Amino acid sequence: MTTVYRGDFGYDLDFAITDSDGVAYDLSSVTSIKFKMVKANSTTLKVDGNVDIDNAVGGLCSYTVASDDFDTAGSYVAELELTTSTTSIVTIGGISIDVVKDLPRCV
């Protein structure tokens, strides 16, 4: 499970995609990756954003958190949706994110 603070944004969530043996998933034939997230027990998408491929052969990619992605504390589930050059879709699920309240900000 990944823990993030409510209201924080502008940083990357980094992902290393591997197969069941721990070998890097080659993203060379992937044309796009989407980061999709819903609040636990909900079907309404909270986030549907584009993911950057950082190292295709190494299976490394990242999503830059937007200002409204984690604006509400709670438990969320997410997945990466990979579209390949043959237009097939591969879903990488099982991503759990806990958005926790932050301390009041002082100015």
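Throughout, read-outs are computed from the coordinates displayed, never taken from laboratory work. The structure displayed is predicted, hence computed values, not measured ones. All Cβ positions, glycine included, derive from the backbone under ideal geometry; neighbour counts span all protein chains shown.
Per the Kirkwood treatment, what hydrodynamic radius in Å, one decimal, follows for the chain from the mean inverse distance over all distinct Cα pairs?
One decimal place: 14.7 Å for the Kirkwood radius.
Where both residues lie in the chain, what percent of DSSP beta bridges are antiparallel, nearest 5? Numbers along the way, then the final one.
On the way: 32 of 36 bridges.
The antiparallel proportion sits near 90 percent.
Express the relative contact order of region 2-99 as a whole percentage, based on alpha carbon pairs under 8 Å and six or more residues apart in sequence.
It rounds to 35 percent for region 2-99.
Taking 0.36 nm per residue of sequence separation and subtracting the Cα-Cα distance, how much length would be gained by fully extending the chain between D71 and N55, in nm to one decimal?
Numbers: separation 16, 0.36 × 16 = 5.76 nm, distance 2.95 nm.
Once the chain is fully extended between D71 and N55, it gains 2.8 nm.
Residue farthest toward the positive end of the dipole of the chain, with Cβ of Lys/Arg at +1 and Asp/Glu at -1: which of V38, V51, G22?
V38
What FRET efficiency would be calculated for the residue pair T64, A16, taking the C-beta separation as r and a Förster radius of 25 Å, to the nearest 0.05?
0.90
Can you give the net charge of the other residues whose Cβ lies under 13 Å from the Cβ of S96, counting K and R as +1 and D and E as -1?
Spelling it out: positives minus negatives among the neighbours equals -1.
Might you report the magnitude of the Cβ-based charge dipole of the chain about its Cα centre, with Lys and Arg at +1 and Asp and Glu at -1, to the nearest 20 debye?
Computed about the Cα centre, the dipole is about 400 debye.
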